[in-house]
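Remarks on the structure that follows.
The values are calculated or read from the model by the stated rules, or taken from the named source; none is laboratory data. Note that the structure is a prediction, hence the values are computed from the model and not measured. Glycine also receives a Cβ, built like all others from the backbone with ideal geometry; neighbour counts cover every protein chain displayed.
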Amino acid sequence: MNPLAYTGRGVIDLFAVIGRLSVFTAQAFSHAFRPPFYPRMVRRQLWEVGYRSLPVVGLTALFTGMVLALQSYTGFSRFSAGGESAIATIVVLSITRELGPVLAGLMIAGRVGASMAAELGTMRVTEQIDALATLSTNPYKYLITPRVVAGLITVPLLVVVADIIGVMGGYFIAVGVLGFNGSLYIRNTLGTLETHDVLSGLLKAAVFGVIVTVLGCYHGFNSGRGAQGVGSATTNAVVSASILILLSNYFLTQVLFAP
Amino acid sequence: MTGTPKIRLRGLTKAFGGKPVLNGVDLDVGKGESVVIIGGSGTGKSVTLKCILGLLEPDSGSIEVDGQQLVGASADALRRARAKFGMLFQGAALFDSLSVIDNVAFGLVQGHGQSQAAARRIALDKLASVGLDKSVGELFPSELSGGMQKRVGLARAIATEPDIIFFDEPTTGLDPIMADIINDLIMKCVRDLGATAVSITHDMVSARKISDRIAMLYGGKLIWTGPTAQIDGSGNDYVEQFIHGRAEGPIKMQLRAS
């Protein structure tokens, strides 16, 4: 094929996907405000996305906070002795502003996005989504909206937990391994932290929650035939959500922390 | 057939990726009639049903149910029309995450706004009418055999007492005895409800048993339609080849899925 035509085809396909995804997202949100509502489905998804992601998000945050404290100490010790206040500052700002929401988003993309794509993909292949429509139930309203709403609500809550556990991880290393003064570390942490740092992280988390759930649902809902179709939908859901999280994180950081 | 047909299709066309699947389907189904559409794999039988149900949008043509045009109808009108339909899917399409009784009660609760308790009572009656006792109600679809899943799918399709029931390959994958049981259940349910039935199948034993009329789909069109009793004397080479399952004849099997 002519390279120009190939590029043109790629651009057209990209815009077609963006258009379909935008319509899909708009439909998911519009159904959140129009009855009938499915509170049981929302509760179930809050449990699946939120509560069941706690272990993976908590462990990620704990070890990230620990490594961050250890690496910061190693780095600072090359230039000056001590650096207690700087390490507390680095840990808390890195966790609340960036690592908490981004790592939680990526872990949830792997756990929740993949599971949503696989579940909805299987429902598509086995005609369960068609069956919903024949039973006078709107599949968007019943399957998609509860998942997106759950992502929007629970990912920020998970990031609050991740922030606390991440800072605790840094504290354990600083006090337990490096021998820093515990009360001084906490005072430095709280003294550095501003409301804006936490809120910006939570805003990012809400955006990432929507990205993960929308892409998981989109790929599952439009899954191809057979096991290969469901497998591709799952892979695409995780890869596209991960890339979009990293991409949107850059732009959100630029807007929220513009110099 | 007298009066307004329950379902009327005119000039229905549908293509996928430029490849035509339906190429001008015309069909009338009278009230209380049972019509079976036969045809090879990939000839558009399921696509026809999905177009009538509004799951696929036809490229052109008209679909009328009780005289009401469904092509281009609003989402609300389509939802109201769908309330008249019940459907038994080929693989039963039961919801994995729900128990059998919740599957059967689903349409009553979500589509018709009935209370959970009332819907479960009706669901138990419908399970009984397809020969399943209430202990099955607490099981999940993955715990059922193929034949039991079909029965549950049938109970779910008739739970809301629809005017029209579609059966998509109701006996595919079942042994001959279970297939006959399902055929009997289909006839009983359709008769008890006084419903109009449209089925699609490859299974000629099933087609002969459950239909009043048979229509054969080939090349995107209905090439023969007539009373079931007349199919053996159709005089149509395509129909002859299909009903006798001969490899030789005018029908050339396609190798690729549509």
Scan segment B:24-38 and give yes if some residue there is touching a strand residue (DSSP E or B) at 6+ places or on another chain (Cβ under 8 Å), at the interface with another protein chain (Cβ under 10 Å from one of its Cβ atoms) and either under 20 Å from residue B:198 (Cα atoms) or not aliphatic (A, V, I, L, M) (or both), otherwise no.
no
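Could you tell me how many of the residues in segment B:65-77 are closer than 14 Å to residue B:164 by Cβ and within 14 Å of chain A (Cβ to nearest Cβ)?
Qualifying residue count, segment B:65-77: 2.
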Take segment A:11-39 and flag every residue that is among the basic types (Lys, Arg) and either in contact with a Pro (Cβ under 9 Å, 6 or more places away or on another chain) or not in a helix (DSSP H, G or I) (or both).
A:34
Yes/no for residue B:60 being in contact (Cβ under 8 Å) with a residue 24 or more places away in the chain, over 25 Å from residue B:190 (Cβ atoms), outside the structural domain of residue B:133 (by TED's automatic domain parsing) and not aliphatic (A, V, I, L, M)
yes
Take the residues in segment B:175-195 that are assigned to a helix (DSSP H, G or I) and of a type in the set (Asp, Glu); name whichever of them is farthest from residue B:125 (Cα to Cα).
B:180
Can you name every residue in segment B:115-135 that is touching a residue at least 12 places away in the same chain (Cβ under 8 Å), closer than 25 Å to residue B:171 by Cβ and assigned to a helix (DSSP H, G or I)?
B:123, B:126, B:127, B:129
When residue B:36 is evaluated against the numbered criteria (1) modelled with pLDDT under 95; (2) crowded, with 20+ Cβ neighbours inside 10 Å, which criterion, by number, is the only one it fails?
(1)
Tell me which helices (runs of 4 or more DSSP H) are completely within segment A:89-136 and hold 3 or more residues being out of contact with any His (no Cβ under 7 Å at 6 or more places or on another chain), within 14 Å of chain B (Cβ to nearest Cβ) and in contact (Cβ under 8 Å) with a residue 60 or more places away in the chain, or say none if there are none.
A:114-125
For residue A:61, which of the numbered conditions (1) surrounded by fewer than 17 Cβ atoms within 10 Å (Cβ to Cβ); (2) under 24 Å from residue A:186 (Cα atoms) fails to hold?
(1)
If I filter segment A:229-259 down to residues being touching a His at 6+ places or on another chain (Cβ under 6 Å) and hydrophobic (A, V, I, L, M, F, W, C), which single residue comes out as farthest from residue A:211 (Cα to Cα)?
A:233
Any residue at all in segment A:79-88 that's outside any loop (DSSP other than H, G, I, E, B), within 23 Å of the chain's Cα centre (by Cα) and not acidic (Asp, Glu)?
no
Residue under evaluation residue A:208, criteria (1) free of Cβ contacts under 8 Å to residues at least 12 places away in the same chain; (2) within 17 Å of the chain's Cα centre (by Cα), criterion not met:
(1)
Out of segment A:137-149, which residues are within 12 Å of another protein chain (Cβ to nearest Cβ) and in a helix (DSSP H, G or I)?
A:139, A:140, A:141, A:142, A:143
When the residues of segment B:78-114 are filtered to those that are within 22 Å of the chain's Cα centre (by Cα), over 30 Å from residue B:61 (Cβ atoms) and not in a helix (DSSP H, G or I), which remaining residue is nearest to the other protein chains (Cβ to nearest Cβ)?
B:95
Being touching a Cys at 6+ places or on another chain (Cβ under 9 Å) and either surrounded by 16 or more Cβ atoms within 10 Å (Cβ to Cβ) or in contact (Cβ under 8 Å) with a residue 60 or more places away in the chain (or both), is that true of even one residue in segment A:227-237?
yes
Just one of B:140, B:89 is of a type in the set (A, V, I, L, M, F, W, C) and crowded, with 18+ Cβ neighbours inside 10 Å; which is it?
B:89
